[in-house]
Amino acid sequence: MDPITGALERIGWLVVNINANDIATFGVAPAFFFSSILLPEKADRKVLETICVQMDAAAKSLEIAIVGGHCEVTPGLAHPIVVGCVMGITEKGKYVTAGGAKAGDKIILTKSAGIEGTAILASDKEENLREAVDDATLQSAKKFYNQISVVNDAVTAFKTGGVDAMHDPTEGGIVGGIHEMADASNLGVKIFEEEIKVQPETLKICDFFKIDPLQLISSGALLISAKPEFAEKIIKRLKMERIHASIIGEFLDDPHKRLLLTKDGKTENLPRPVTDHLWIALMK
């Protein structure tokens with residue numbers, strides 16, 4: 001269960017996909033969706049219809065049934081908030097969690113850093129970005145919403161075998177997600193910055209707002225902890241599904257050792273986000 005609070009342009013689409021991702025990271029296909037829509041006092045019928053149409057399209061694309069929900073006008077809100085809940089069904093024990101990683105496991109990242117944050121900023125801060133970012137880049141960045149789902153990523157990886165844990169890096173971005181997996185598994189990590197893909201649109205937008213793409217909300221990417229002998233096989237299967245994937249590091253025995261090997265060859269402590277850098281950009 002997750003709320004969508006920081007995105008306005010495609011809030012209905014996001015609430016289905018973000019919650020579906022949480023089920024998929026167990027290695028389970030999402031099946032059922034519920035929503036609670038909270039609207040500002042001045043919201044009109046068109047706002048509600050737009051949210052519902054977006055939720056319907058997203059659910060159909062993932063073969064999820066919308067089975068219940070609630071809607072109300074809530075005093076004090078500046079913009080709509082939509083809370084979603086997704087459920088999936090599997091047999092007992094046939095799933096993984098974010099806390100199942102093992103020392104020596106390879107860390108695989110699908111797609112790239114900052115996907116959701118890039119789409120949100122390109123949509124909600126378009127006028128500000130036009131000062132420094134060309135229109136083609138902005139339009140391309142808005143389409144990053146189409147990369148938000150990790151359902152295929154996660155189910156494909158899990159079915160391939162050798163997956164010990166999975167997690168979708170949302171708040172706090174890629175590095176936040178890595179810390180969460182390491183915390184849940186009581187392990188350390190070693191991450192290679194040069195192996196983390198950052199798309200050009202993300203780089204340009206992050207440069208404009210002076211934020212770190214590795215600490216920008218990254219729904220659409222997936223972190224996979226895989227047994228070493230399965231890592232390349234998982235990557236190959238993902239690429240067959242036209243999903244970019246690469247090994248970006250590995251888990252270590254010592255939970256106090258959280259290392260980032262930077263592009264310039266330095267070894268630093270892996271930063272732990274204090275806040276998602278989306279909020280830093282939205283406040284500017």
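Structural remarks
- Ascending count of other beta-carbon atoms within 10 Å, so fewest first, for MET166, MET181, MET1, MET87: MET1, MET87, MET181, MET166
- Reachable lysines from LYS257, criterion Cα separation under 24 angstrom, eight or more residues apart if same chain: LYS102, LYS106, LYS190, LYS197, LYS227, LYS266
- Computed Kirkwood radius, in angstrom, where 1/r is averaged over Cα pairs of segment 106-283: 16.3 Å
- Value of relative contact order over segment 106-283, rounded to a whole percent, pairs C-alpha under 8 Å and six or more apart: 39 percent
- At full extension, ASP135 and PHE32 could sit 33.3 nm farther apart than now, given 0.36 nm per residue minus the alpha carbon distance.
- Relative contact order of segment 1-106: 44 percent, from C-alpha pairs under 8 Å at least 6 residues apart in sequence.
- Eligible aspartates and glutamates near LYS142 by straight Cα distance, threshold 18 Å, same-chain separation 8 or greater: GLU9, GLU116, ASP124, GLU126, GLU127, GLU131, ASP134, GLU201, ASP207
- Efficiency of FRET between MET283 and LEU77 - r from beta-carbon atoms, R0 25 angstrom, step 0.05: 0.85
- For the chain, hydrophobic long helices are taken as DSSP H runs at least 20 Å long by C-alpha position along their axis with mean Kyte-Doolittle hydropathy of 0.0 or more; these are 45-61.
- Estimated inter-spin distance, THR50 and HIS70, nm [label 7 Å along Cα→Cβ]: 2.5 nm
- Note, ³J(HN,Hα) from phi for segment 256-264, Karplus 6.51, -1.76, 1.60, rounded to Hz, x at Gly and Pro: 8, 9, 10, 10, 10, 8, 6, 4, 8
- The length gained on full extension between THR267 and ASP254, counted as 0.36 nm times the residue separation minus their Cα-Cα distance, comes to 3.1 nm.
- Packing rank of 139-148, 18-27, where each peptide gets the mean count of other beta carbons within 10 Å, highest leading: 18-27, 139-148
- CD proxy at 222 nm, helix term only [per DSSP H run n ≥ 4: -39500 (n - 2.57); per residue of the chain; nearest 500]: -11000 deg cm²/dmol
- Solution diffusion estimate, µm²/s, Stokes-Einstein, segment 1-79, Kirkwood Rh from C-alpha pairs, 37 °C, viscosity 0.692 mPa s: 251 µm²/s
Coordinate-derived values only; no laboratory data. In this text the structure is predicted, and so the values were computed from the model without any measurement. Positions of Cβ are backbone-derived with ideal geometry, glycine not excepted, and every protein chain shown enters the neighbour counts.
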